[in-house]
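What follows is calculated from the coordinates using simple rules that are stated; it is not laboratory data. As the structure is a computational prediction, the values presented were derived from the model and not from experiment. Here the Cβ is made from the backbone with ideal geometry for all residues, glycine too, and neighbour counts use every protein chain on show.
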Amino acid sequence: MSPAPLPSTGLWAYLATTPLMGLTLTLLVYSATQALQTRGRGHPLLNPVALSILLIGSWLGLSGTPYPVYFEGAQFIHFLLGPATVALAVPLVEQWHRLRRLWRPLGVALLAGTASGTLSAVLIAHALGASPETLASLAPKSVTTPIAMGIAETLGGLPSLTAVLVVCTGIVGASTGPLLLRRLGINDPAICGFALGTAAHGIGTARAFQVNPEMGAFAGLAMGLSALLSAMSLPWAIGPLLRWLT
Amino acid sequence: LHATAHGLLAHLSLLFIPAGVGVLLHLQRLGQEATAIGVALVLSTWIGMATTAWTAHWLMQRQGPHP
């Protein structure tokens, strides 16, 4: 697929005045970045989510378009996240036979991965002089956005800062994760997917689905389980640590 | 159902773009702590991912091949 041609100025002037602008812009940029990733053989820096966000963000900044105007059109895409979350169950059911015998290793891996990811984030940021609010906002960064924001609030962080950090974590994990896992010599799609979902939530899961549905199924499972585990344990496990550090 | 679910999930990346753009506009919030946050975020993401993968890999090898 080649990048979509740029719309002519006349058509663009028309689109810019309707909610279709956000929708068209998002779809065009996404298909272009997707094509670029295919041509670049999946190079980590060519992650379509990261590139699209940067390109659309710059475009909005340069053209002086306020975010709500863009979102008026883009909301139709955003809305699909709901059905997509439900759809995550389908590939998982198709992997049921593997899942049934892997639940014990995966459960322990989830605990170890969530604990090490959260602790290392808080401790490294503390060592580099981050403020208490920042530490509390950083702790739930590997969890899917709405739940991460809730956890940050409980810990005394800034939910809106957490939203930024969650997206950045997702992009870092999704773009560098597959290469990291390959370097570690992990080739099992179930393990790679599970690690991507644990560390990089939905954006990592999206990356896993680009590789194959099996990897995606385990990533989606890990994303859900890590959100559940973090929501239940972070407030009492990380709360005292934050008070002790500051 | 299979085709619909897999079709939607193959383009899951697309669905994160609108919210991601909104979040990007708040990047300046990071301010002077940007370096500490950036280093902690990247390293801890790698640590979490590697730990998850290693633990699962090690336990599955111990479990051995299934009959």
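Connecting C-alpha atoms closer than 10 Å in a GNM of chain A, tell me which of A:LEU184, A:LEU119, A:LEU46 has the biggest fluctuation. Largest GNM mean-square fluctuation: A:LEU184.
From the Cα gyration tensor of chain B, with a ≥ b ≥ c the square roots of its eigenvalues, which class applies: rounded if a/c is under 1.5, or else prolate if a/b is larger than b/c, or else oblate? Don't jump to the answer; show the numbers that get you there.
On the way: a/c = 7.40, a/b = 1.29, b/c = 5.74.
Oblate.
Between the residues A:THR198, A:LEU184, A:VAL143, the greatest Cα displacement towards the positive end of the dipole of segment A:94-198, with unit charges on the Cβ of Lys, Arg, Asp and Glu, is found for A:LEU184. Loop-located trypsin sites (Lys or Arg not before Pro) across segment A:37-120 with a Cβ neighbour count of 12 or fewer within 10 Å are A:ARG41, with loop assigned by DSSP.
Rounded to the nearest whole angstrom, the semi-axes of the ellipsoid equivalent to the protein assembly as shown, taken from the Cα gyration tensor as √(5λ), stand at 31, 25, 16, largest first.
Of the residues A:LEU119, A:LEU155, A:GLY220, the one whose Cα sits farthest toward the positive end of the charge dipole of segment A:99-246, with +1 on the Cβ of Lys and Arg and -1 on the Cβ of Asp and Glu, is A:GLY220.
Taking a ≥ b ≥ c as the square roots of the eigenvalues of the Cα gyration tensor, segment A:91-224 is classed as prolate, since a/c reaches at least 1.5 and a/b is larger than b/c. For the pair segment B:19-50 / segment A:224-245, the C-alpha centres are spaced 19 Å from each other. Here the Karplus relation 6.51 cos²θ - 1.76 cosθ + 1.60, evaluated at θ = phi - 60°, turns the backbone of segment B:51-56 into coupling constants of 4, 4, 5, 4, 4, 5 Hz, with x for every Gly and Pro.
Overall, the anisotropy analysis places segment A:195-246 in the prolate class: the square-rooted eigenvalues a ≥ b ≥ c of its C-alpha gyration tensor yield a/c not less than 1.5, with a/b exceeding b/c. Computed about the Cα centre, the dipole magnitude for chain A is approximately 640 debye when only Lys and Arg (+1) and Asp and Glu (-1) carry charge, each at its Cβ. Of the complete DSSP H runs in chain A, those spanning 30 angstrom or more by Cα along the long axis with a mean Kyte-Doolittle score not below -0.5 are A:96-127, A:159-183, A:213-237.
Note on chain A: GNM, Cα springs under 10 Å; of A:ALA200, A:ALA163, A:ALA121, the largest mean-square fluctuation is that of A:ALA121. Largest GNM mean-square fluctuation among A:ALA112, A:ALA50, A:ALA208, using chain A with Cα springs under 10 Å: A:ALA112.
The ranking of A:CYS168, A:CYS192 by Cβ neighbour count inside 10 Å, starting from the fewest, reads A:CYS168, A:CYS192.
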